[in-house]
Every structure is written in C-alpha cells, then in structure tokens.
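Encoded as structure tokens, the structure appears first; notes follow it.
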Amino acid sequence: MKKILVLGSGGQIGSELTVKLREVYGNSNVVATDLDVSRLTAQIKEDGPCLSCDATKAEQIAAIVKEHKIDAIYNLVAILSATAEKNPMLGWDVGMGALINCLEVSREYKAALFTPSSIGAFGPNTPLNGTPQDTIQRPQTIYGVTKVAGELLSDYYFKRFGVDTRSVRFPGLISYVALPGGGTTDYAVDIYYAAVKGEKFECPLAKGTLLDMMYMPDAIDAAIKIMEADPAKLIHRNSFNVTAMHFDPEEIYAEIRKHKPSFEMVYKHDPLKQQIADSWPNWMDDSAARQEWGFKPEYDLAKMTVDMLDKLSLKLK
Ligand code: NAD
Ligand code: SER
C-alpha cells in the first residue's frame, strides 16, 4: 500500500483530503502534518499518524519521508491570494519555500508530488471565457506569480529529474469542514454560513463577477484521481484546468434563497478582492483533464447548495 505525507492537513483542503486518503490507503499509511498541529481536526488526530512539520524547512520534510518510507507527498502549503497580497514576501517564502523543498525531497527519495495550482495562475490578459489549458499566464498577484513559478518548476523537475509531479488548477473551493484560508473566492463559503446562521450577508465582490468554483468532494476526488492516473496518458502535468461550475454573487444568492427565502445579501465592496477576481477567468476549459485522466465533477450549484445547507445546519446546530 502507498504511504502518503500530507503537508497542511489543517487547512480547508487538508482537513478533508487527509480523511479521504486514509479511507483509500489506510489510516496508518497517511501521515498528517501541519505547521500548527492544533489546526488538525479531532478525527485526523485520532485516526492516524500526526506530526508537526514546517514545510519551509526541507530537513523536516525529509526526516518524515525517510522515516515513514513515503511514496507520495500532497503539498497543500500556501498563503492564499488576498492574504498574500497584504504580505507578498510571506506569500512567496511560504508558497515557493514549501514547493522547492518538496521537489528536492521528492527527487532524493523518489516520491511523487501533488501541489495544487489555481485559477490565480491566470491574469488580466488571459482569455476570460473558456480559458484554454495552454494559454497566456501573466498574473498580477504574488499568489499567481508563485503558482506560475510552481507550475514551471514542477514541470522542470519532471523533465529534468523524472520526479512524478502532477497538479490541478483548482477554482474557488466550497466546503463546510474547515473555513477557507484568506482567498478571493472565500465569499462563496461565507455566504452559506450567513444563510444558515440567519445573518445578512455582506458580499465583497460586485454583481456580475463570474468565477469558477467547485465543491470539496469533487476537489478531493480530482486530487486523488490525478495521482492515480496512468502516466502514459498524461500529455500535461503541471497543471490541469479543473472546474465544476461558475457563477456570480447574484446566482449563488438566488440559489440559496430557493431554500431560505428570507435570506438577505447586500454588497460591501472589497477593492483588493475585486481587483483580483476581475483578473481571473470567468470560466475555464477543463477538457484536457477530462480526456487525459477522466476528471468528472458531480456537483453543480443546485446540488452543492442542498448539501452545504444540510451539512452546515447540522454543524452549527
Ligand atoms: P489553507 O490556507 O486553508 O491551508 C493551508 C495550511 O497550511 C494551513 O493549515 C496552515 O497552517 C498550513 N501551513 C502554513 N504554513 C505552513 C508551513 N510553513 N508548513 C506547514 N504548514 C503550513 O489552504 P487550502 O485552501 O487548504 O489550500 C491548499 C492548497 O490549494 C494551496 O496551494 C492553495 O493555493 C491551493 N488552492 C486552494 C483553493 C481554495 O479555494 N481553497 C483554490 C485553488 C488552489
Ligand atoms: N480560493 C483561492 C483564492 O481565492 C483560489 O486559488 O485564493
């Protein structure tokens, strides 16, 4: 059975991906780590090995990989777009530091490596509608700069050293287990919390701001599926466009109101988030992921909304 290391298990993706990986590969074969272990859920702490690891310290990653005979690393360590824009050097140091360490450790110990890229890898002169798999990538955020550099470095390590690097460009991810970590797309999670709590929602993005999104179960499925894909079928590696839906604030608000008719949303403009969102695609073409490794999301806006409202109602009861 494969042995897996997850870096950043306490984050929005890690808190659910770690659990799913343990279901697939066995609890004892998936080592959960984070800089701040207090962020790990009680379930993750109870079900399998958990360790503290600062991904900006290569020797800490290497020691775990060596001791646990790790075959694959899921590197989920980054500072998300809006937070990184407030402290660009931190965004660069954490995002690139974790990645280069993972690449070097993977090279030395022959581990496979998954590191998510993002819609943030695109910029204002990228085609906004039907954004192609291979296109102009000139992002204007430090987050985007780290994502493009990360894609290039990951492809370089594959071609130059044979490191099995694979990646997807995630859109905004919507989930109910852990809160999002300071991104531009967080509003699409926060709106559900407000609806379930019976609060008025202040939307930071303007009406008409289209962005790609995906429900967490589809994101988790994509992360595992790409790492299990037949390498002979991969024309691309770092990174694949993947998306499940795209909407603007009015559309998600209208969908929630079908279930909560008294829910109210007002606009409270956030210039930083708006500027970032305006530079990202309206919707991406993810046909390469569908063709090369069978990406097929299950949730659209309507199906996700039913599940989010159900799960959050139970969580916040
Ligand atoms: P997150 O901010 O929720 O979680 C990141 C985790 O990394 C946190 O638990 C944090 O404690 C940990 N961490 C921070 N610095 C660390 C360090 N030096 N060493 C070890 N751990 C450290 O992020 P996320 O939303 O789970 O995102 C994971 C990856 O997916 C990132 O690369 C992100 O860019 C990418 N991504 C996320 C989304 C999204 O909507 N969540 C969309 C596109 C791409
Ligand atoms: N959700 C992420 C962000 O907004 C997209 O990469 O930063």
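Numerical summary
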{"item": "Every pair of residues 6+ apart whose Cβ atoms lie under 9 Å, when the first sits in segment 7-33 and is at positive phi while the second is of a type in the set (Val, Ile, Thr) and away from ligand 2 (no atom under 16 Å from the Cβ)", "result": "8/33"}
{"item": "Subset of segment 95-117 that is more than 8 Å from ligand 1 (Cβ to nearest atom) and part of a loop (DSSP other than H, G, I, E, B) - its residue that is nearest to residue 173 (Cα to Cα)", "result": "111"}
{"item": "Selection from segment 147-176 of residues that are away from ligand 1 (no atom under 16 Å from the Cβ), part of a helix (DSSP H, G or I) and buried (at least 19 other Cβ atoms within 10 Å of the Cβ)", "result": "157, 158"}
{"item": "Selection within segment 188-215 - in a helix (DSSP H, G or I) and either away from ligand 1 (no atom under 11 Å from the Cβ) or within 17 Å of residue 117 (Cβ to Cβ) (or both)", "result": "190, 191, 192, 193, 194, 195, 196, 197"}
{"item": "Any hit, segment 39-49, residues being within 9 Å of ligand 1 (Cβ to nearest atom), in a helix (DSSP H, G or I) and either closer than 25 Å to residue 119 by Cα or of a type outside the set (S, T, N, Q) (or both)", "result": "yes"}
{"item": "Filter result (surrounded by fewer than 18 Cβ atoms within 10 Å (Cβ to Cβ), at pLDDT 95 or above and in contact with a Phe, Trp or Tyr (Cβ under 7 Å, 6 or more places away or on another chain)) within segment 1-54", "result": "2"}
{"item": "Failed item in (1) over 21 Å from the mean Cα position of the chain (by Cα); (2) within 26 Å of residue 17 (Cα to Cα); (3) in a loop (DSSP other than H, G, I, E, B), with residue 232 passing the rest", "result": "(3)"}
{"item": "Any hit, segment 118-139, residues being within 16 Å of ligand 1 (Cβ to nearest atom), in contact (Cβ under 8 Å) with a residue 40 or more places away in the chain, in a loop (DSSP other than H, G, I, E, B) and closer than 25 Å to residue 30 by Cα", "result": "no"}
{"item": "Members of segment 50-94 that are without any contact (Cβ under 8 Å) to a residue 60 or more places away in the chain, part of a helix (DSSP H, G or I) and of a type in the set (S, T, N, Q)", "result": "60"}
{"item": "Index of the failed condition, residue 227 passing every other in (1) over 24 Å from residue 117 (Cα atoms); (2) within 18 Å of the chain's Cα centre (by Cα)", "result": "(1)"}
{"item": "Residue in segment 267-280 that is away from ligand 1 (no atom under 14 Å from the Cβ) and surrounded by 21 or more Cβ atoms within 10 Å (Cβ to Cβ) present", "result": "yes"}
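The values are calculated or read from the model by the stated rules, or taken from the named source; none is laboratory data. Just so it is clear, the structure is predicted and the values come from calculations on it, not from any experiment. Reconstructed Cβ throughout: ideal geometry from the backbone, glycine too, with neighbour counts over all protein chains shown.
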